[in-house]
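The structure appears right after this line, and notes come after that.
Nothing in this text is a laboratory measurement; each read-out follows from the coordinates by a stated rule. No experiment lies behind these values; they were computed from the predicted model shown. We place every Cβ from the backbone using ideal geometry, glycine too, and count neighbours over all the protein chains shown.
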Amino acid sequence: MGVRSQTEIAVESIIREEWGRVLAALMGVVRDLELAEDVLQDSVVVALQRWPKDGVPDNPRAWLLKTARHKAIDRFRRDQRLKRKQAEMDVLAELERLAMPEETDTSIKDERLRLIFTCCHPALGKQTRIALTLRTVAGLTTAEIARAFLIPETTMAQRLVRAKRKIKSAVIPYRTPPPHLWDERIDSVLSVIYLVFNEGYSATSGDHPARASLCLEAIYLAEILNDLLPADPEIMGLLALMLLHDSRRDARTDNNGDLVTLEQQDRNLWDSQKIKAGTNLLNRAVKLELSGPYQLQAAISAEHARASHYDQTDWQIVTTLYTHLFNIHPSPVIALNRAVALSYAESPQAGLNAMKDLNACKEMERYQPYHAARADLLRRAGQTPQAAEAYRQALVHTTNNAETRFLERKIQELGDF
């Protein structure tokens, strides 16, 4: 397989960013997720063929929507059976009237939220809803979604296929449900938004460690939800968490695009306005006295924001918050983060001891941050050969080029082990 040009990489990046918006606009007309995805994928194939040679159009979203619209119209016109059905004729007419994105920015915002709620229908299992929404709305690849769930890519691919069939066979309506039905879906919606943010904050693949567009998209969607449900403390907590995390964006990489760890970051580069906005939201959520996992994670991030230097971080409070978080929302990832916090609150060995149960956890085997965190604790504990091996394990499970460079430097710093 040949090396991709910078133009091809740029084209793929633009398509990923526009996928969810264009799919939502199409879905708003055809009301058929499988058809909408098919015609959009066909349009993407054309874009990948033409744009590297002809140049990226001034409005890529409009180009993709126009091309997908024509392909959908062609499909309807070719199917003689559908021509006899008034419902399909109505869809065809609406497709022909479909406006370009620059004329419908406000409606696209609503369409995207509607698509999220459609994919998060309670007829689907919770993990399946979240995975499907990540694919359709955020345009994440099957590999990226599988990584978020710590499962093999083939397993996730099968889940996505079954979910699309379920939506079609169960005739799940494409609409935002009335507010009194939101309770059964809101947890999944929040999970989707946070996972979109996480993929943006720590990109699975590519040349850069982050995808800022996904972070901003997740924040934007959370802001919409916060406007719709202004008294929901977990929506406030999630929005606060993402703002606090995103405040560090400019400090997370150096001029060469390489990763800078939290310990080494120049905190003068942190966005004080986002820290203030996130802290204010967190304080409002806490006053409602309905603590949840997003508020606790936001509180942890706020502790980092309060410290003017890394060595001034109150790791004991951070460890306590992670303990509370694990008690209400147990997961191996939270246990891993708690072990890291404990290593600073007490000692690297204390962190390694807390991590022992994770060593036999199958979900952690392919989770790169686990191997990288364990390597760092081993390094700090003076167990250099074991640290080098753990860094090499992390390297095996890394597909992001910036992370690869970071881990290779860490191995080199340890010397010949």
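With 10 angstrom as the radius, rank Ile317, Ile145, Ile328 by how many other C-beta atoms surround their C-beta, starting from the fewest.
Exposure proxy ranking, most exposed first: Ile328, Ile317, Ile145.
Just to confirm a number: summing +1 for Lys and Arg and -1 for Asp and Glu over residues other than Lys168 whose beta-carbon lies under 10 angstrom from that of Lys168, what do you get?
Residues near Lys168 contribute +1 overall.
For labels at Tyr220 and Arg306 in the simple 7 Å Cα→Cβ model, what's the distance in nm?
3.4
Below 13 Å, Cα to Cα, which aspartates and glutamates can Lys287 reach? Residues fewer than 8 away in the same chain don't count.
Output for Lys287: Asp232, Glu234.
Please work out the C-alpha center-to-center distance from the range 335-399 to the range 218-237 and express it in whole Å.
That distance is 34 Å.
Label-point separation (nm) for Gln273 and Asn353, each offset 7 Å from Cα along Cα-to-Cβ?
4.7
Using the number of other C-beta atoms within 10 angstrom as an exposure proxy, rank Asp32, Asp183 with the fewest first.
Asp183, Asp32
Amide H neighbours of Thr253 under 5 Å, at least 5 residues apart or on other chains, H built in the peptide plane: list them.
For Thr253, the qualifying residues are Val260.
Say each of Ser213 and Asn283 gets a label point 7 Å from the Cα, pointing the same way as Cα to Cβ; how far apart are those two points in nm?
The modelled label-to-label distance comes out at 3.6 nm.
Past the 30 Å Cα-Cα mark, which pairs from Lys126/Lys362; Lys164/Lys276; Lys166/Lys274?
Lys164/Lys276; Lys166/Lys274
Helix-derived [θ] at 222 nm for the chain: sum -39500 (n - 2.57) over DSSP H runs of at least 4, divide by residue count, nearest 500?
Calculated from helices alone, the mean residue ellipticity at 222 nm is -22500 deg cm²/dmol.
Residue-wise, which Karplus ³J(HN,Hα) couplings in Hz belong to the range 178-183, taking 6.51 cos²θ - 1.76 cosθ + 1.60, θ = phi - 60°, and x for glycine or proline?
Values per residue, Gly and Pro as x: x, x, 5, 9, 5, 3 Hz.
Fully extended, how many nm does the chain gain between Cys361 and Phe149 (0.36 nm per residue separation, minus their Cα-Cα distance)?
74.9 nm
Could you let me know the centre-to-centre spacing of the range 249-292 and the range 43-76, using Cα atoms, in angstrom?
Using only Cα atoms to place each centre, the spacing works out to 38 Å.
If you line up the long axis of helix 332-345 against the longest principal axis of the chain, both from Cα atoms, how many degrees apart are they, to the nearest 10?
Roughly 30 degrees, rounded to the nearest 10.
Please give the FRET efficiency for Arg165 paired with Gln127, using the beta carbon to beta carbon distance and R0 = 25 Å, rounded to the nearest 0.05.
0.95
Can you tell me the dipole magnitude for the chain around its Cα centre, using point charges on the Cβ only (Lys, Arg +1; Asp, Glu -1), in Debye to the nearest 20?
1340
With r as the distance between the Cβ atoms of Arg380 and Leu262 and R0 = 25 Å, compute the FRET efficiency 1/(1 + (r/R0)^6) and round to 0.05.
0.95
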